[in-house]
Amino acid sequence: MAAVVPDSSIDSIFGKENGIHPPKQLDAGALFVLKSKGSWLHCGYHLTTSIVAPVLLSLPFALSLLGWVGGVVCLILAGLVTFYSYNLLSAVLEHHAQLGQRQLRFRDVASDVLGPRWGKYVVGPLQFGICYGAVVAGSLLGGQSLKFIYLLHNPNGTMKLYQFISIFGVLMLFLAQIPSFHSLRHINLVSLTLCLAFSACVTAGSIHVGYSKNAPTRDYSLNSSGVNRVFGGVNAVSIIATTYACGIIPEIQATIAPPVKGKMFKGLCLCYSVILVTFFSVAISGYWAFGNQAMGTVLSNFMGNGQPLLPTWFLLMTNIFILLQISAVTVVYLQPTNEVFEKWFADPKMDQFSYRNVVPRLLSRSLSVIIGTLIAAMLPFFGDIMAVFGAFGCIPLDFIFPMVVYNVTFKPSKRGLVFWGNTFIAVASTALSAIGAIASVRQIVIDAKAYRLFANV
């Protein structure tokens, strides 16, 4: 549903760039959820929360599947490629903004550059699925973190995982009602601090365990061989790629007050400064301490034979940091889905906080959280499913799409390095996505015998 917005409102939302007036029709999703009021610092907070999440605790496991050289090289390459990729996408967005057609959403970019069908039938649904999958994964991780805290104080406790997921879901019911992306700027600043805090705790914990008398025997050889080693390596690369994934770059850039030129680059520099500190410290210290015995999340390695290898208070503090940061990450990835609901159900002609708009917002967002929480409780092995999402969604959106739209928009010379560099990254990422999808589905088939609804894992 769209409405004609007065020129003064448009100027306050978009500004006038190059003397060209932007389009005057905005739907409720753009008006209410993607408010363009933020600074480059706010953009950096949003970017950091969307990328630097507790998923990074799986990086030591990824290194255990690749070894020292392969793991560190992949970690560096994925960081360089995504930083480059996100800047390319930002350049496309800035270019269209200067032409008076500011694109606020991933599907807008796809529709304007590649054609309406790409935005409506491919990129839009793909992004929605990725974001909602992240919400489900966040609910699962939040429940697992609550359960870990519970078992620290009551090792023989009888509460089940799905109960903790439900408790986390209640918290998300409240956070989901935060009206706009811009309203999250202070929460995401706290989130940035929390991700630095829990990464420092995990790094310090790994080093402490590695030097303690209870230190595990470290073996850095690869456990598997043959085809299992190949698929393990592919899974590891997919884990690393998904850890760097964002999937909401246009929506984050949409929160920046005009003019947008140069602000996204500053935000990305802030974000990748945090990535450099957190990703590498956790990955290297965790793999150094536990070698090829590193588990899916390094926190699991802090429990030796059911007994904590670190002081209880330290593990409790670390998990509280993680729990709080997970809630911020989850509410960030709710925003693109909230934007879709606002577009469908809200009336842009009326005030955002009018009864007409508040009631459908409350109902749609609450129902969204309830369904996500239910899926997380029913499928606690959602990590395997998210690997498929990563292969089919995160890699195409973050490694392939920016290269394609940049080449289509700016048409760099086919004799130049930019065109062929972008093409090589897109082709290599396509191959990785296909192989990663096969490896992920294979892992689901292997783990299928352990699947059980509402399992207490």
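The values are calculated or read from the model by the stated rules, or taken from the named source; none is laboratory data. The structure displayed is predicted, hence computed values, not measured ones. Neighbour counts run over all protein chains shown; Cβ positions are idealised from the backbone, glycine included. Remember, those area values only see protein heavy atoms, side chains included, never the ligands or the DNA or RNA. Shrake-Rupley method; radii C 1.70, N 1.55, O 1.52, S 1.80 Å.
What to note about this one:
- Cα convex hull volume per residue for region 319-442 (Å³): 174
- Across the alpha-carbon set of region 88-191, the Rg to Rh ratio works out to 1.16, Rh being the Kirkwood radius.
- Ser225-Val441 FRET efficiency (beta carbon distance; Förster radius 30 Å; 0.05 resolution): 0.90
- Helix 161-175 and the long axis of the chain differ in direction by around 30°, with both axes built from C-alpha atoms.
- Amide proton proximity set for Leu26, modelled H, under 5 Å, gap of 5+: Ala3, Val5
- Largest first and in whole Å, the equivalent-ellipsoid semi-axes of region 282-338 read 27, 15, 9, each the square root of five times a Cα gyration tensor eigenvalue.
- Evaluated at q = 0.34 Å⁻¹: base-10 log I(q)/I(0), Debye formula over Cα of region 257-298: -1.05
- For region 247-384, the fraction of alpha-carbon pairs in successive 10 Å shells from zero, as %: 9, 23, 30, 24, 11, 3, 0
- Translational D in µm²/s for the chain (Stokes-Einstein at 10 °C, 1.306 mPa s, Kirkwood Rh from C-alpha pairs): 70
- Cα pair distances of region 401-444 binned at 5 Å [whole percent]: 5, 22, 23, 16, 12, 10, 7, 4, 2
- Too-long pairs where the Cα-Cα distance tops 22 Å, listed order kept, from Lys266/Lys343; Lys160/Lys449; Lys37/Lys266: Lys266/Lys343
- Tilt relative to the chain, helix 401-410 - C-alpha long axis, 0 to 90 degrees, to 10: 30
- The residues of region 160-235 present an accessible area of 49 Å² per residue when probed at 1.4 Å with all protein chains retained.
- Ratio of the Cα radius of gyration of region 130-212 to 2.2 N^0.38 Å, where N counts its residues: 1.34
- Nonlocal amide H pairs with Gly304, under 5 Å, H built at 1.01 Å: Leu309
- Against the chain, whose longest principal axis comes from its Cα atoms, helix 355-378 is set at around 30 degrees.
- The mean accessible area for residues of region 285-348, using a 1.4 Å probe and ignoring ligands and nucleic acids, is 34 Å² per residue.
- Taking all protein chains into account, the per residue accessible area for region 62-123 stands at 41 Å² (1.4 Å probe).
- Amide H partners (placed H, <5 Å) of Ile256, local residues excluded: Gly38
- Phi angles across region 238-252 convert, under the Karplus curve 6.51 cos²θ - 1.76 cosθ + 1.60 with θ = phi - 60°, into 3J(HN,Hα) values of 5, 4, 5, 4, 5, 5, 7, 5, 10, x, 9, 4, x, 5, 5 Hz, Gly and Pro given as x.
- Carbon and sulfur %, accessible surface of the chain computed with the full protein complex present, 1.4 Å: 69
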